[in-house]
1. Specify whether the C-alpha gyration tensor of segment 87-167 places it in the rounded, prolate or oblate class, a ≥ b ≥ c being the square roots of the eigenvalues: rounded for a/c under 1.5, otherwise prolate if a/b is larger than b/c and oblate if not.
2. Rounded to the nearest 20 debye, what is the charge dipole size of segment 74-175 about its Cα centre when +1 sits on each Lys and Arg Cβ and -1 on each Asp and Glu Cβ?
3. Using a simple charge model, +1 on the beta-carbon of Lys and Arg, -1 on the beta-carbon of Asp and Glu, nothing else, what dipole does the chain show about its Cα centre, in debye to the nearest 20?
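FYI, it's all coordinate maths here, none of it is from the lab. Predicted, not measured: the structure shown is a model, and the values here were computed from it. As a convention, Cβ positions derive from the backbone with ideal geometry for all residues, glycine included, and neighbour counts pool all protein chains shown.
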Amino acid sequence: MPARTERGLTLACLLVMSAPGVAPAEEAPFSLAPPPGLRAAPVARAASGNTYTWLPADLSEPTRLMLTIMPASEVHARLGEFRPAQCLRLFLDELRHDHAHFFAVEQPTPLALGAARLARVRWTGDKAGRELTGVLACGALDENFYVVHYVDTLARAPRSFVEIRAALTGFTPRP
C-alpha cells in the first residue's frame with residue numbers, strides 16, 4: 001500500500017464511504033444550472049457532507065462534475081486545521097493512486113464558484129485505457145468547505161470544461 005497520510009485516508013473514507021440517497025434539487029443548499037449534456041445524479045451523503053454529481057446520459061462517457069459540501073466545523077473537528085492546499089493534496093493523492101501516468105500542476109488563477117474563488121489544480125492521467133484530464137478545486141465559502149472536481153477526456157475537455165466553468169459561475173448558495 002502506498003504511503004498515505006492518516007488524514008488523507010480519513011478524509012477519503014469520510015467522502016467515499018457515504019450512503020447514496022436521492023434528494024430533489026430544491027433540497028440542495030445551493031442553486032446551480034447543470035452544464036449542457038449533464039444531469040444530476042443521486043446525492044452521496046456522508047456524516048461529513050454531501051457530494052452532488054452531474055453525469056452524461058451515456059454513463060460509459062467519463063465526463064463528470066462533482067461538488068462536495070462539508071460543514072467547516074465538521075472538517076475541523078475531525079481533521080484539525082484544514083487549508084485548501086491540504087485539501088488539494090489529499091484528493092490528488094487519491095487521484096494519483098487511480099491513474100497511470102498521473103501529472104498535476106497548480107493553476108495560477110482560481111476557479112470561480114459563484115462569487116467564491118477556489119485554489120485549483122489541473123491534472124492528467126490514464127484510466128481504463130483513456131487519457132483523462134480534470135480540474136480539482138478546494139476552498140471555504142460561508143460556513144462550508146467546498147471541493148469541486150470535474151473530468152473528461154483530453155479530446156473533449158476544451159469544449160466541456162468551458163461549459164462546466166460557465167455553469168459553476170452561476171453557483172449560488174442558499175441561505
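1. The shape class here is oblate.
2. Dipole about the Cα centre, nearest 20: 240 debye.
3. About 240 debye.
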